Amino acid sequence: MRPALKQGLHWFGCTLAIAGVMFVIMHLYNFSADIDVSRFGTGTWLGIIAFSWIYGLANLMLAMAWWNLLEHFQVTVSGRWAIKTYGMTQLAKYTPGNIFHLAGRQAVGMAAGLPGWPMAKSAVGELGLLSVAGAPFAILVLPRWLPLFPLTWAALAFACTISTIALAVWQYCGASAVRAFGWHCGFLAVSGLLFAGLVGLLADNLNSLLVIELCGAYILAWLIGLVTPGAPAGAGVRELALLFFFKGVIGETDLLMAVILGRVITVVGDLGFFGFTSLLKKRDSTP
């Protein structure tokens with residue numbers, strides 16, 4: 001690769017990272033106007049801070065999944081480089097278009113001398129595996145609309161579906177791909193449980209059955225946002241879907257506040273993960 005092209009790709013990736021930070025700050029500013037902080041006690045604030053930390057750490061699962069996908073497409077890099085690159089470019093998903101985190105990752109990888117076509121295939125594979133991992137969570141929401149389909153059946157069907165998909169991925173794609181699928185499932189499960197825990201902080205008498213349904217609905221709403229073209233990080237689409245799923249089940253004020261705070265937690269978590277990966281030393285994070 002010519003030095004000028006390599007330098008241009010490097011600056012392109014850096015520009016997208018900076019743009020992502022700016023859009024994250026704008027998101028936080030817009031959300032702050034909709035949050036009534038007077039209703040929150042110390043326990044609620046501590047819970048929100050803890051959830052933000054957990055979500056930020058959960059991003060490591062996404063980075064590890066991408067690392068395994070690179071391995072599947074025969075791109076050999078160190079784990080630290082994959083984590084650093086993923087974290088430094090991930091904030092670009094908040095820019096309009098919902099693709100610039102992928103473009104930034106591609107640019108950084110090619111600037112580091114990695115082959116472009118396998119890098120592009122890893123991005124497509126990531127979107128495909130995330131969608132496949134998220135789809136079974138819709139089963140957990142079925143009891144909300146099908147009273148004759150109990151939640152125990154839904155949980156069993158969910159576990160069987162995940163196991164079947166994992167077996168198929170291992171059979172047709174290999175060990176690296178099934179490890180990536182496992183990391184994606186883990187990230188989605190943590191994300192859904194965090195949203196259910198947030199609703200539990202705000203609403204009264206949240207039972208365990210509703211927690212499972214909330215987890216499934218959150219991931220289904222996340223998946224709808226993922227596949228919606230042009231929505232930065234699914235902004236607006238995910239929130240609208242959640243309000244539709246649980247309107248009348250949870251108090252409207254509590255649900256709306258949970259939806260807003262849920263977005264704040266994910267944004268702060270992504271920002272924290274960006275800060276963590278930016279501290280990784282370059283010499284320890286080369287391909």
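Overview of values
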| item | result |
| --- | --- |
| Linear extension gain, Trp145 paired with Thr161, 0.36 nm per residue minus alpha-carbon span | 3.8 nm |
| Two-site label geometry, Leu46 and Trp170: point separation in nm, points 7 Å out along Cα→Cβ | 4.1 nm |
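We did not get these values from a lab; they are worked out from the coordinates using the rules stated. Keep in mind it's a predicted model, so treat the numbers as computed, not measured. Note that each Cβ is placed from the backbone with ideal geometry, even for glycine, and that neighbours are counted across all protein chains shown.
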